[in-house]
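Take this structure first; my questions come after.
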Amino acid sequence: MAYLELDRVAKQFGAQTVVDDFSLAVGKGEFVSFLGPSGCGKTTTLQMIAGFLEPTRGTIRLEGSHLTKVHPAKRGLGIVFQSYALFPHMTAAENVAFGLEMRNVPRDERAERVRSALAMVGLAGYEERYPRRMSGGQQQRVALARALVIRPSVLLLDEPLSNLDAKLREGMQIELRQIQRTLGTTTILVTHDQNEAMSLSDRIVVMSQGRIEQIGTPQDTYERPASAFVSQFLGKTNDFAATIDRTVASARLVAGSWSAPAPAGFNGSVTISLRPERIGFADTGLAAKIITRIFQGNHWLFQCESECGPAIVIRQNDGQPQPAEGDVVRLTWRVEDMSLRGGGA
Amino acid sequence: MSAAADTASAAPADDRRAGAPWALAAPALMLFVGVLVIPLAMTVMLSFHDWGQYKGIEPVFILKNWHEIATDPYYAEMFWRTFRIAILTTFLTAVLGAPEAYILNRMSGRWRSVFLLVILGPLLISVVARTLGWALLFGGNNGLVNKLMMSLGLIRAPIPFMFTETGMVVALAHVMMPFMVLSVWAALQRLDPQIENAALSLGAGPVTIIRRIVMPQIMPGVLSGAIIVFSLSASAFATPAIIGGRRLKVAATLAYDEFLNTLNWPLGAAVATLLLVALVLIVVGSNALIERRYAEVFR
Amino acid sequence: MTRNGPLALAFHTVFVIVMLAPIVVVCLVAFTPEGYLSLPTNGFSLRWFRTIANYPEFVHAFWVSLGLGALSSFVAVAFAVPAALAIARYKFPGRDALSALFLSPLMIPHVVLGIAFLRFFTSVGIGGTFSALLIAHVIVVFPFALRLTLAAATGMDRSVEMAAVSLGAGSFTLFRRVTLPLILPGVISGWALAFIQSFDDLTMTVFLAAPGTETLPVRMFLYIQDNIDPLVTSVSACVIAITMTALILLDRLYGLDRVLAGKSDPGR
């Protein structure tokens, strides 16, 4: 049975539907990310789980019992806010102790748990600091400790790393993952950063305009995007218009000068969706001219004008000579690396 | 020469020319020294001069006025009344204004700006007109306020408001209220909008949230509002003069009388100087205290 | 989203009623048809507004107030703009002391200012004149003009000026074509707030005004000292109407919350 379950949850503000028909089952100990651009409804969904917003329709269940009827103060969820929302007039230890105080945890046990929670996030010795005297990363850790110390049934993270600089963010990602693994806390992360979602989560819920576009493992959503939106949101992608030619003996999938045996289930015009790093240069294939070539350290980025429109190609920098700007090349790829959608691009 | 001056003042980021800011500020500075600093110094001097019914002001240096203020219990009583009224007014504005600012802050956008205008607008409306309104509402024993409170059963006998300290405090609190609401409002704006949700998610009830999370954070706002209200109430003139009448004197109205009725300017100057010094000490002192108390937490 | 409970809304309603009551009462009584103070129960009448015309000292005081307010706030702004630029632009020794001095009229009780100016102007021989009033008002409204100008100058993007300089603008052109237009909303709001302050000031002006240079608040105050009748309510209603108009203009122009934020906090 699912641990946390959202069943056709919807939220409307006046006439505007912000979240619609959101159904998701989260297993115990799972790390799930809500990924999407701003305004896609991911934070709204999180706030409904937290209880700050009430769903217009649908139900939310935790271990089989209705969560929607429980007052937010009684839900026992741990939340890390985007702004951290630390209590500025309390020290780090007081911040972390607050939730335990509300639960009437005895003083001795409280002190011990606060100490170990701060130690877990690497802030031993910072107990008496006020938030204003801490760096963004340290504040973030206090917020995490404060949410985890109450041993929440679910940990909700609302863009927790977005206020950190790139380098710190990477470090925090690894740490967050380790802590979550160690404690085994069921976690939901809201983010607009696809790298963050992919590197942290067991599963990703890709959202757009209040609806779920795809639910799957990071690899799934990247390799087999269910929609044009997903493929474009999760990294760079090429969309080529192609046709299935059934006039020849064995049917063929044709995109310009490139062709391959046609897969079953499609007919007429289709769209080939293809990651740029899966395209190679060859002697035969889609004809293209290289417009710009950009060196990016560990790889080369080519912007080409192909028979089927603009194309992006990424090649590993393996020391081999690469085609130059203005060269005419042929692009090719393996059939299993592409995904097909019905209809034109 | 002119070319050099041109490039220097034209480069906006140039901090090296030490003279430039002084040149810009010079007109205002001269104005302030000429017609603010000098007159204030003259007033302090005046408080040491002698005065007689027939001889007028005599430019000598004596402590007669200060001695009179220090020994005559009339002045002690008057200053104590002034500060008592100011303290009560400050208390009233804090107790009513802070919750109102909090309620205001929780309203949705449109209502919030409407009521903010309604509450803060009076700040800019003539104090005389506002106090006149209270005089009309109090209006003797059968004024509107008394009639209303009696019909609601809040009081049995009419409370005398006109020419009493009660009336002065009520009217002053009304006049000063916008300052308190504004100050608490500003503190509320600095609050993280998610902070109450954070406390809620940790299991805190509404009373705990207000007592443990909101109150401590808006306290600096309440205190700085209190300083403003206190200093303005202690030196208020129009409201005590209209509501308090000629009998119930506070520092400002007493100084006015000494200057324009009794014509004992040196004594009036002494009263004014004492008021100024007391207020500056109280305001600067409590500002320093607040800053020390909250330095760690805020800033 | 948390909403206010019924108790909070009840508190709010009473609060707002009490805040508005004295102002509303003044305006209502002004329309009474009776010859004494009363709420207009038997229809509205403009007789007390017409009566104002029979009291030339009120009409004269109104013009004095208007002229004094407009002129003193204009002069204050003229002094405040360069001073604000100096404080906003440069870090120099004495900067904090300078701005403290410029804001000090907010902290000094107006009674004390009134006394100081009375003493000063009498001894230089211009006591009771319009010029004396003007100078005094310039000092008193200066902090308001400075505050809003300062806020505008501090909030201004300096790179815009650098861009203008790089395009060849001289210092005067820079000020006239770039700096001034950018800080103008702050300057105008500063002027308007200064005007309202000057228009409303009683405490200081009551020491300085002589017959002939009495401002409207002073005239009203002296009148109330003797007796309260519907005439003074109709005058007050006019004053309230004028202030409201200015307020709405100010709100449209600059946002009232920003203007009012400039008014509070005399301590710093």
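The values are calculated or read from the model by the stated rules, or taken from the named source; none is laboratory data. Bear in mind that the values here come from a model prediction, so they are computed numbers and not experimental data. Note that we place each Cβ from the backbone using ideal geometry, even for glycine, and neighbour counts take in every protein chain shown. Only protein heavy atoms, including side chains, enter the accessible area calculation; ligands, DNA and RNA are left aside. Shrake-Rupley method; radii C 1.70, N 1.55, O 1.52, S 1.80 Å.
Across peptide C:238-249, how many C-beta atoms of other chains are within 10 Å of each residue C-beta, on average?
Neighbouring Cβ atoms belonging to other protein chains average 3 per residue here.
Give me the dipole magnitude in Debye, nearest 20, for the protein assembly as shown about the Cα centre, with unit charges on the beta carbon: positive for Lys and Arg, negative for Asp and Glu.
With Lys and Arg at +1 and Asp and Glu at -1, about 860 debye.
Pairs of Cα atoms under 8 Å, at least six residues apart: use those to get the relative contact order of chain A, whole percent.
15 percent
Next question, about the same structure. For the stretch A:70-107, which residues drop by 50 square angstrom or more in accessible area between the chain on its own and all protein chains together (1.4 Å probe)?
Flagged in the stretch A:70-107: A:ALA73, A:PHE81, A:PHE87, A:PRO88, A:HIS89, A:PHE98, A:MET102.
Now a separate question. So if R0 is 51 Å, what FRET efficiency would C:THR154 and A:VAL328 give, r being the distance between their Cβ atoms, rounded to the nearest 0.05?
0.30
Something else now. Quick check: from the Cα gyration tensor, does chain B come out rounded (a/c under 1.5), prolate or oblate?
Details: a/c = 2.05, a/b = 1.06, b/c = 1.93.
Verdict is oblate for chain B.
Mind checking the mean number of beta-carbon atoms from other chains within 10 Å of the Cβ atoms in C:200-211?
3
Shifting gears a bit: How far is it, in nm, from the label point at C:ASN42 to the one at A:SER65 when both lie 7 Å from their Cα along the line to the Cβ?
Taking the simple label geometry, C:ASN42 and A:SER65 are separated by 7.2 nm.
When Lys and Arg each count +1 and Asp and Glu each count -1, what net charge do the other residues less than 11 Å away from A:GLN303, Cβ to Cβ, add up to?
Net local charge, A:GLN303 excluded: +1.
At 7 Å along Cα-to-Cβ for each site, give me the label-to-label distance between A:ARG211 and B:GLU68 in nm.
8.8 nm
If the chain between A:SER116 and A:THR56 were fully stretched, how many nm would it gain, using 0.36 nm times the residue separation less the Cα-Cα distance?
Going from the current span to full extension adds 17.6 nm.
What order, most packed first, do the peptides A:309-316, C:211-218, A:163-170, C:195-202 have when packing is the mean number of other Cβ atoms within 10 Å of each residue?
Ranking, from highest mean packing down: C:195-202, C:211-218, A:309-316, A:163-170.
For B:ALA234, what charge total do you get from the other residues with a beta carbon under 12 Å from its beta carbon, if Lys and Arg give +1 and Asp and Glu give -1?
+2
Angle between the Cα long axis of helix C:216-226 and the longest principal axis of chain C, 0 to 90 degrees, nearest 10?
30 degrees
Still on this structure, please answer the following. Could you identify which residue out of C:LEU85, C:LEU167, C:LEU253 has the top mean-square fluctuation in a GNM of chain C using Cα springs shorter than 10 Å?
Comparing C:LEU85, C:LEU167, C:LEU253 in a Gaussian network model of chain C, the most mobile one is C:LEU167.
Right, another one. From the cross-link list A:LYS28/A:LYS69; A:LYS11/A:LYS42; A:LYS28/A:LYS74; A:LYS167/C:LYS91, which pairs have alpha carbons spaced over 23 Å apart?
The pairs that break the limit, which is 23 Å between Cα atoms, are A:LYS167/C:LYS91.
What is the interface area between chains C and B, defined as buried accessible area summed over both chains with a 1.4 Å probe, reported in Å² to the nearest 100?
8100 Å²
What share of the DSSP beta bridges in the stretch A:4-231 is antiparallel, in percent to the nearest 5?
Working: 19 of 36 bridges.
The antiparallel fraction comes to roughly 55 percent.
Aspartates and glutamates within cross-link reach of A:LYS236: Cα-Cα under 17 Å, excluding same-chain residues under 8 positions apart?
Result set, ordered by chain and number: A:ASP193, A:GLU196, A:ASP220, A:GLU223, A:GLU277, A:GLU305, A:ASP337.
Also: Helix by helix, which DSSP H runs in chain B go 24 Å or more along their axis at the Cα atoms and have an average Kyte-Doolittle hydropathy of 0.5 or more? Could the numbers behind the result be given before it?
Working: long enough: B:73-105 (46 Å, 0.65); B:165-189 (34 Å, 1.42); B:215-234 (27 Å, 1.49); B:265-294 (43 Å, 1.45).
Those that clear 24 Å and a mean of 0.5 are B:73-105, B:165-189, B:215-234, B:265-294.
Once you average over the residues of B:36-48, how many Cβ atoms of partner chains fall within 10 Å of each Cβ?
Per residue, the average neighbour count from other chains is 5.
Picking from C:LEU133, C:LEU174, C:LEU106, which is most flexible by a Gaussian network model of chain C using Cα springs under 10 Å?
Greatest mean-square fluctuation among the candidates belongs to C:LEU174.
I need to check one value: relative contact order of chain C, counting alpha carbon pairs closer than 8 Å and at least 6 residues apart, in percent. Walk me through the numbers on the way to the answer.
Numbers: 300 pairs, mean separation 78.3, N = 268.
Worked out over chain C, it gives 29 percent.
Can you give the FRET efficiency to the nearest 0.05 for B:LYS55 and C:LEU134, using r as the Cβ-Cβ distance and R₀ = 35 Å?
0.60
What FRET efficiency do you get for A:ASP165 and B:ARG84 if R0 is 45 Å and r is their Cβ-Cβ distance, rounded to the nearest 0.05? It would help to have the intermediate numbers written out before the result.
Values: r = 56 Å, r/R0 = 1.24.
Computed FRET efficiency for A:ASP165 and B:ARG84 comes out at 0.20.
At a 1.4 Å probe radius, carbon and sulfur cover how many percent of the accessible area of the protein assembly as shown?
60 percent
Can you check what the net charge comes to around B:ILE103, using other residues whose Cβ is under 12 Å from the Cβ of B:ILE103 (Lys, Arg +1; Asp, Glu -1)?
That works out to +2.
Over the stretch A:119-264, what relative contact order in percent results from Cα pairs under 8 Å that are six or more residues apart? Don't skip to the end; give the middle numbers.
Numbers: 144 pairs, mean separation 17.4, N = 146.
So the answer I get is 12 percent.
While we're looking at this one, here's another question. Quick check: pseudo-label points 7 Å beyond the Cα along Cα→Cβ at C:LEU253 and C:ALA53, how many nm apart are they?
For the pair C:LEU253/C:ALA53, the computed spacing is 3.1 nm.
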